[in-house]
Amino acid sequence: MNLSALLKRTLVLGAALAVAIVVIGGIIGFTVAGAPGFVGAAIGAVVAAVFLGLTAVSIILAVRATGGDMLKPAFFGIVLGGWMVKFVAFLVLVLTLRSADWLNPVAFFFAVVAAVIGSLAIDVYVFATSRMPYVDAKLPPSSAESDLPPTA
Amino acid sequence: MDTTVVAELTGNIATVGYGLAAIGPAIGVGIVVGKTIESVARQPELQGRLQTLMFLGIAFTEALAFIGIATYFIFTN
């Protein structure tokens, strides 16, 4: 199992978590603050899941672009450049949504916190239960694939 | 006796929070990435595992930044 496969798994589980928080947070938000509470919780969960997922996506793209060679500058250009752009976008989004009256800011905040902590838990779970090889070495072809004639 | 205003602050002090929220994660990600480069330079064969750990490090660091920026929503006024 390689890094890209693991990251794809965190993306899938992260999306499932976002849906769960939209449902649960939406119900709580609607009960406490009405329609703005529901919208706030839903947007908060989706925003946090998307922005955290972008890190995984940027690493998948970087691995694909560099062929897995981390010491190529393009790897860190994509990962860290993506990180910076993402934070500027998040800041602009927060400033835009702050003045919206159709959104409950407290519900938004708690949904973001829940989604962030939940996606961290998912990341740790996926990586802790993965089976990564200690050493990335090219193995010699197995006897079935090799060009040598069979010995027996 | 009249009170003299020595310093006055207008606007919202909460915006300073973004600056504070950005300092820690910026240093954190710098350390995570720098140490990963160092480690890969020393032992390139561990690259796969180091990439995984680097992702976890970045994820935890950026979580703080996200929560820090999102506090703008509840700490205003």
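Structure notes:
- Estimated from helices alone, the mean residue ellipticity of chain A at 222 nm is -26500 deg cm²/dmol (sum of -39500 (n - 2.57) over DSSP H runs with n ≥ 4, per residue).
- Working note: Karplus 6.51/-1.76/1.60 with θ = phi - 60° gives segment B:46-53 the couplings 8, 3, x, 5, 5, 4, 4, 5 Hz, where Gly and Pro are set to x.
- A DSSP coil position with no more than 15 other Cβ atoms inside 10 Å describes none of the GluC sites (Glu not before Pro) in segment B:27-77.
- Filtered chymotrypsin sites (Phe, Trp or Tyr not before Pro), segment A:14-119: DSSP coil and at most 13 other beta carbons within 10 Å: A:102
- Mean sequence separation of contacting Cα pairs (under 8 Å, at least six apart), scaled by the length of segment B:14-75, corresponds to a relative contact order of 57 percent.
- With Cα atoms, 0 to 90° folded angle of helix B:16-42 axis to chain B main axis: 10
- Tensor-based shape of segment A:3-133 (alpha-carbon gyration tensor, a/c under 1.5 rounded, otherwise prolate or oblate): oblate
- Alpha-carbon centroid distance for the pair segment A:64-90 / segment A:1-51, whole angstrom: 24
- On Cα atoms only, tilt of A:105-128 relative to the major axis of chain A in degrees: 20
- Taking label points 7 Å from Cα along the Cα-to-Cβ direction, residue A:92 and residue B:27 give a separation of 2.9 nm.
- Between 0 and 90°, nearest 10: helix A:3-33 axis offset from chain A longest Cα axis: 10
- Relative contact order, percent, segment A:3-133 [alpha-carbon distance under 8 Å, six or more residues apart]: 36
- Counting every pair of alpha carbons in the protein assembly as shown, the share spaced more than 33 Å apart comes to 31 percent.
Here, each number is a calculation from the coordinates, and none is a lab measurement. All figures in this text were calculated on a predicted structure; none of them were measured in a lab. As a convention, Cβ positions derive from the backbone with ideal geometry for all residues, glycine included, and neighbour counts pool all protein chains shown.
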